[in-house]
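Worksheet: the structure to be examined is printed underneath.
Coordinate-derived values only; no laboratory data. Everything numeric in this text was worked out from a predicted model, so none of it was measured. Note: ideal-geometry Cβ built from the backbone for every residue, glycine included; neighbour counts use all protein chains shown.
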Amino acid sequence: MFRSVFVMHTLPFLFWFLSFVGLALLIDYLLHLLNLDWVGRYLGPAGTVLLIVSFIYSLRKRKIITTGSPKILLQFHEYMAWVGSVLILVHAGIHYNALVPWLAILAMLVAVAFGLIGKYVLKDATATLNLRIADLQSQGLNIAEVQKKLFFEALIVDNMRQWRKIHLPIAFVFMFFSLLHILAIIFFA
């Protein structure tokens, strides 16, 4: 039972993460096929702008700004960060010969993965756990029996709730390496 529930929660995550990477590879391939690979150079700054704009949600969440619906801003954040990351991945291609850009891309991939985990895997796992708790309680089991029966599932969901503790610091690592990359381009170009 748990294995099928895990697969059900993982499929949307895998779909969006693989489509993220696949779309970037497809765009990069088409640009090279059409001899427009130079366009990729400009997609990095465009993607960076989209990522910066997506942080409006974080500002709203932390009450630095007070306007805007958190739910709509979260959807805006997810969309802009996904599209911006695709553009940056196309910009990166497989052309790097320096360590800092590779570290930035690695941090970006991890940040995207944890963002998708928060969106799909945790949300669905929490909903399924709540349904299982309600089902067991409707069968007459008390709280202690339900907790005992669902101990491992609850433990996994509780650990998954810690995803923000990884998502945000990795996003900052990505920003740090991106800033180093940008400064290196400015100083050495």
For region 1-138, with the dipole built from +1 on Lys and Arg beta-carbon atoms and -1 on Asp and Glu ones, taken about the Cα centre, which of LEU11, GLN137, LEU74 lies farthest toward the positive end?
GLN137
Taking region 2-188, how many lysine pairs are there with alpha carbons less than 25 Å apart, if each pair must be eight or more places apart or span two chains?
15
Hey, how much of the P(r) for the chain falls beyond 31 Å, as a percent of Cα pairs?
31
With a point put 7 Å past each Cα toward its Cβ, work out how far ARG62 is from ARG161 in nm, to one decimal.
2.3
Go through region 20-127 and name the trypsin sites (Lys or Arg not before Pro) that are in a DSSP coil and have 13 or fewer other Cβ atoms within 10 Å of their Cβ.
ARG62, LYS63
Förster radius 41 Å - calculated FRET efficiency between TYR29 and SER69 (Cβ-Cβ, nearest 0.05)
0.60
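Provide the FRET efficiency to the nearest 0.05 for the ASP37-VAL110 pair, computing r from the beta carbons and using R0 = 22 Å.
Efficiency, from the Cβ-Cβ distance: 0.25.
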